[in-house]
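As structure tokens, the structure follows; a few thoughts come after it.
Please treat every number below as a calculation from the coordinates, not as lab data. Predicted model only: the values in this text are computed from it and were never measured. Here the Cβ is made from the backbone with ideal geometry for all residues, glycine too, and neighbour counts use every protein chain on show.
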Amino acid sequence: MTSIRSTAAELVQALADGSTTSVELTQLHLDRIAAVDTTADGRGVHAFLHVDGEGALAQAAESDVRRARGEVRGPLDGVPIAVKDVLTTRGLPTTCGSKILEGWIPPYDATVVARLRAAGLPILGKTNMDEFAMGSSTEHSAYGPTRNPWDLDRIPGGSGGGSAAAVAAFEAPLAIGTDTGGSIRQPGAVTGTVGVKPTYGGVSRYGLVALANSLDQAGPVTRTVLDAAMLHDLIGGHDPRDSTSIQQAWPSFTEAAKAGATGDMSGVKVGVITELAGEGWQAGVMARFQESVDLLVKAGAEVVEVSCPSFVHALAAYYLILPAEASSNLAKFDAMRYGLRVVPDGDPSAEEVMRATRDAGFGDEVKRRIILGTYALSSGYYDAYYGQAQKIRTLISRDFEAAFASVDVLVSPTAPTTAFKLGEKLDDPMAMYLNDLATIPANLAGVPGISVPNGLADEDGLPSGFQVLAPALADDRVYRVGAALEAMYAEQWGGPLLDRAPGLETE
Ligand code: GLN
């Protein structure tokens, strides 16, 4: 029997054996969205900015016809999915959570979206996010925050809180997120879902509206490691339209996840990162982390502690490099080409139209980063700020190289705390930035990472995540170790962690 709780792998099976149809399960998820996403009391999950029921059902019907004819396009043909609103979708609004793109309908699909369509996955809609992917709580969305299905008064993480909440609230079995400094993994940790940031260049960035080109990477948001692996196999691989796309054949991540699920970690050397623990980390998060490490030891892994001394500077370097790239990327929103256009009274000059449009169209966090980035890049300050940050970036890559010379994977808690209350950190940018302490190093160095749910970490019963990082190109390792941990927890918990989410009635 399929239900909204079925994993994508289960849906694949049910579609294959004829016990459900794509139309049936797409409708099931659309009904769920209608029930929980927007509610009369104003406390809906609000994971979606745009739902495309008609389009999704039409794609589902086509999938069913293909299946009847024996022309299935791949394992996930017919399984619905939600897409973060930072990826362009032909004919569907793409706002990046910003007023400045309100009403913009892209004329083309991002490569990731094109691959989903080509493989037959009905697209349910576009998910909410912090404006231009700047944030850790989805509260910076110009369209209002998303709520965490575990507790509707709490944040679902960010910037991809919409994708994570959609998957956690059973509104979609699969979603796509993007991760520039943690926006797939940190929402995964605080919503009890799985999130993967692939190796930089492993998934095409064509059509991903750039926050910071050298850091951005799209990836899977799911409820299980196997589902993430199947989705990664589908969206990944070389794309001639992205000049940073890696040209190589990738191993099957689905196979890596299946191999890991046997739970045998013998021969795997795991490094615990010294710098990503200690002060500022919630006690429960550290306790769950230690238990996860103990489980890996029990499964046969060898665990050592590894120091990555430059990681303590990662956050500072990131908040120079990211704003520098973002300030240049956002210059294209000039009131002439896309979306919003505010024309002041009188006979305004082009510059006045631009100024009025940006003033009305960009939120505070976006403006803050444009100012920061422009300053860091200005002549006279370039060497002192941007130049220094790039040097730190190199040191962080070297720390990873040195560490991976002696271990296969590195591990840490994904986020320092469980989900905080809506509003709690909104006026304190620094407190918000600290959420990504553990996830940012991977983006600076381009290495892959996964966050796997590892239990309930505070007195309110909120989830935490376990992060596994691997060398660039070795994404298969994060699936292998992630799946092993997940399998051991499944045995311990006797069912998915999400079954214990109290925030929503789940049927
Ligand atoms: N929270 C981080 C930031 O605000 C990461 C964002 C992201 O990964 N898109 O920049």
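Modelled label positions at GLU24 and TYR381, each set 7 Å beyond Cα in the direction of Cβ, lie 6.1 nm from each other. Computed from backbone phi, the HN-Hα couplings of segment 136-147 come to 10, 9, 6, 6, 7, 5, 6, 10, x, x, 9, 9 Hz, rounded to whole numbers (Karplus: 6.51 cos²θ - 1.76 cosθ + 1.60, θ = phi - 60°; Gly and Pro given as x). Each label point was placed 7 Å from the Cα along the Cα-to-Cβ direction; for LYS421 and THR374 their separation is 3.6 nm. Listed from fewest to most Cβ neighbours within 10 Å, the set LYS84, LYS298 follows the order LYS298, LYS84. Most simply put, segment 1-136 has about 50% antiparallel DSSP beta bridges, counting only bridges with both residues inside it. For LYS367, the lysines whose Cα comes closer than 30 Å to its Cα, not counting residues fewer than 8 places off in the same chain, are LYS84, LYS99, LYS126, LYS197, LYS332, LYS391, LYS421, LYS425. If you plug the beta carbon distance of GLU255 and ALA431 into 1/(1 + (r/R0)^6) with R0 = 25 Å, you get a FRET efficiency near 0.05. The Cα center of segment 1-34 and the Cα center of segment 294-319 differ in position by 38 Å. Counted by Cβ distance under 10 Å from ASP239, the other residues give a net charge of +2, where Lys and Arg count +1 and Asp and Glu count -1.
For the chain, the antiparallel share of DSSP beta bridges with both residues in that region comes to about 65%. Our summary gives segment 231-304 a relative contact order of 34 percent, counting only alpha carbon pairs under 8 angstrom and 6 or more residues apart. Among HIS140, HIS313, the ranking by other beta carbons within 10 Å of each residue's beta carbon, starting with the fewest, stands as HIS313, HIS140.
If you take all other residues with their beta carbon under 11 Å from the beta carbon of VAL478, and give Lys and Arg +1 and Asp and Glu -1, the sum is +1. For segment 105-162, relative contact order (Cα pairs under 8 Å, six or more residues apart, normalised by length) works out to 29 percent. If the segment from GLU401 to ASP31 were pulled out straight at 0.36 nm per residue, it would be longer than the present Cα-Cα gap by 128.4 nm. Can you give the local net charge around GLY461? Use residues other than it whose beta-carbon is closer than 11 angstrom to its beta-carbon, Lys and Arg +1, Asp and Glu -1. Net local charge, GLY461 excluded: -3. Using Cα-Cα distances under 8 Å and only pairs 6 or more residues apart, what relative contact order does segment 250-361 have, in percent? This gives 23 percent for segment 250-361. For segment 99-237, what class follows from the C-alpha gyration tensor (a ≥ b ≥ c being the square roots of its eigenvalues): rounded when a/c is under 1.5, otherwise prolate if a/b is larger than b/c, else oblate? Here segment 99-237 falls in the rounded category. In plain terms, the residue of LYS99, LYS391 with the fewest other Cβ atoms within 10 Å comes first and the most crowded comes last, giving LYS391, LYS99.
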